[in-house]
1. Consider L232 against the criteria (1) under 36 Å from the mean Cα position of the chain (by Cα); (2) farther than 21 Å from A360 by Cα; (3) without any contact (Cβ under 8 Å) to a residue 24 or more places away in the chain: it satisfies all of them except one. Which criterion is unmet?
2. Under the condition of being among the polar types (S, T, N, Q) and either part of a loop (DSSP other than H, G, I, E, B) or more than 44 Å from the chain's Cα centre (by Cα) (or both), which residue from the range 316-351 is nearest to V300 (Cα to Cα)?
3. Considering only the range 293-303, I want to know if a residue exists there that is closer than 24 Å to Y410 by Cα, charged (D, E, K, R) and open to solvent by less than 70 Å² (accessible area, probe 1.4 Å).
4. Please go through (1) without any contact (Cβ under 8 Å) to a residue 12 or more places away in the chain; (2) farther than 30 Å from E321 by Cα for G366 and return the number of the only condition it doesn't satisfy.
5. Count, please, the residues in the range 158-199 that happen to be assigned to a strand (DSSP E or B) and buried (at least 18 other Cβ atoms within 10 Å of the Cβ).
6. Could you tell me which residue of the range 63-109 is nearest to L38 (Cα to Cα), considering only residues that are among the polar types (S, T, N, Q) and in a strand (DSSP E or B)?
7. Tell me, yes or no, whether the range 125-134 has at least one residue that is at pLDDT 90 or above, within 30 Å of L403 (Cα to Cα) and out of contact with any Lys or Arg (no Cβ under 9 Å at 6 or more places or on another chain).
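The values are calculated or read from the model by the stated rules, or taken from the named source; none is laboratory data. Predicted model only: the values in this text are computed from it and were never measured. Counting neighbours? That spans all protein chains shown, and the Cβs are built from the backbone with ideal geometry, glycine included. Remember, those area values only see protein heavy atoms, side chains included, never the ligands or the DNA or RNA. Shrake-Rupley method; radii C 1.70, N 1.55, O 1.52, S 1.80 Å.
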Amino acid sequence: MHAEINVRFELSIDDDKTIPLAVLAEFVTDQNVESVLLEELVESLDAARVEALCGEKYAHGNGDQRFQRRGTDPRTAVTTAGEHEFDLHYVEDTAADHDETSYLRPVEGVIDFDGQNRYQQDIAAKSVDLATTLSYRDAADHGDGFVSMPSPDTINRRAKEYGSKLKQFLPDCVAGTDADAIIADGTKCHSQDEDRSYHSVQATLGEDTAEDSRSLLDLSINADWDETAAALDDIDAVTDDAAVVSDADDSIVTAFTDESREHQLDLVHVGRTLGYNLWDDGVFSLERRTEIVTEVIDEVFHLKNSVAKHRPEEEFAAIRERIARTTKRIEKTAWQLSQFGSRKAAGYLRRWLPSIVTFAEQALEGFEVPWTSNPVERAMGEVAKRCKNQWMRWTEAGLEALLQLRLVKYANPGHYRTFFDELLNRSTKTTMSCDLTVASCPLFRSRYEQIR
């Protein structure tokens, strides 16, 4: 198909005025040049398609053609080029069977108008992208400063649609990733569903420690960690001996660990959780609780620093000595706490001591295991910024769709762009070419030129 339009654009500026370039740009933009061009292009393509089916307008013998002109009808649409009203032809297929639609718009064989949607995919994608950061209402308000935006309800509907499609798209992106570390965490968001007060948000990141790269493997709402782990295994998203890094959440540890996968406790959480258990036991004063937590944290991070120092030089004997010393001192602290009756704190140290030293023991085998779940904690921060304001309440479907968009954009910007490239079918740009010729024609001379 070929379309050609001729455009004449005249601009006049008062002879004694100096116009800022920014104001000139705004003025040209206000003329809706792109919108006018798009409307004329589509209508030119429409005319060419109708002529190809029905023959040249008013030509002799047109009445014998299979396809007959049947008038025009307006079709409105909104794109990033502006708001449009196209005057498009209808054609009747006189040979259509009685059970077939006999009326058609020929241009729709060339241009996809996204069904009956007024807001086309490009503007819908921009509005949804804004909604990953702003509320639906703010997205509509902020976007209106640049283009005509859908209503908050329409943005909400599109976010659910695109988020659901992204959830189906993501497994194909992460399949075969073979991440050697799993970093998982969860948080809660307020619910507007009648059957629950909160929704459980569960995010799983995969890390390639050699490349120091991370990827969102899964985002689920109110899911079972066992099902998430099984699904990731089915698509080979993680290696069989991947390390599992998390806080002291038994459900995560149980779901992801087995005889070949070991758990690493986030060392940052050790002090927090130990301090809480000491308080809950109610045995020690605040001052003494602080001393106990400080002693344990100092020991744990001494081990971390020792591994960081000795592993690059393969000084494994020094690492073994530090592991043994750290283990012995924490075991002693746990025994002392139990003797004083601080059973929860003592039980916590005994239960999680093997997970505290996993990264150091793996270093002896030549493997690097993250000692913190900070990457997924930052992802949880993205959830909090968008979805945990006090007045926000969510349906399960709406929350999951929006967080798919938010977290894939945050953790996998490449996957995010690829998804929207496919959604908008941007590859079809390669099927088009255009030739633009501009010839300027000055309509006035400056005062200096006139005097000279």
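1. Every listed condition holds for L232 apart from (3).
2. Our first condition is that a residue be among the polar types (S, T, N, Q); within the range 316-351, this holds for 326-327, 333, 336, 338-339, 342.
Imposing the further condition that a residue be either part of a loop (DSSP other than H, G, I, E, B) or more than 44 Å from the chain's Cα centre (by Cα) (or both) reduces the set to 333, 336, 338-339, 342.
On the way: T333: 13, Q336: 18, S338: 20, Q339: 22, S342: 20 Å.
Within the range 316-351, the match that is nearest to V300 (Cα to Cα) is T333.
3. Taking the range 293-303 as the starting set, the residues that turn out to be closer than 24 Å to Y410 by Cα are none.
Scanning the range 293-303, I find no residue that is closer than 24 Å to Y410 by Cα, charged (D, E, K, R) and open to solvent by less than 70 Å² (accessible area, probe 1.4 Å), so the answer is no.
4. (2)
5. Residues that pass the stated criteria total 12.
6. So the first thing to find is which residues in the range 63-109 are among the polar types (S, T, N, Q), and the list is 65, 68, 72, 76, 79-80, 94, 101-102.
Remaining after also requiring in a strand (DSSP E or B): 68, 72, 76, 79.
Working: Q68: 26, T72: 18, T76: 12, T79: 10 Å.
Among those that are among the polar types (S, T, N, Q) and in a strand (DSSP E or B), it is T79.
7. Restricting attention to the range 125-134, the residues satisfying the condition of being at pLDDT 90 or above are 125-134.
Keeping just the survivors that are within 30 Å of L403 (Cα to Cα) gives 125-134.
Next cut, out of contact with any Lys or Arg (no Cβ under 9 Å at 6 or more places or on another chain) only: 126, 130.
Yes, there is a match, as at least one residue in the range 125-134 is at pLDDT 90 or above, within 30 Å of L403 (Cα to Cα) and out of contact with any Lys or Arg (no Cβ under 9 Å at 6 or more places or on another chain).
Condition check ((1) touching a strand residue (DSSP E or B) at 6+ places or on another chain (Cβ under 8 Å); (2) open to solvent by 20 Å² or more (accessible area, probe 1.4 Å); (3) modelled with pLDDT of 95 or more) across all residues:
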site	(1), (2), (3)
K388	yes, yes, no
L399	yes, no, yes
Q404	yes, no, yes
N412	yes, no, no
D435	no, yes, no
V438	no, yes, no
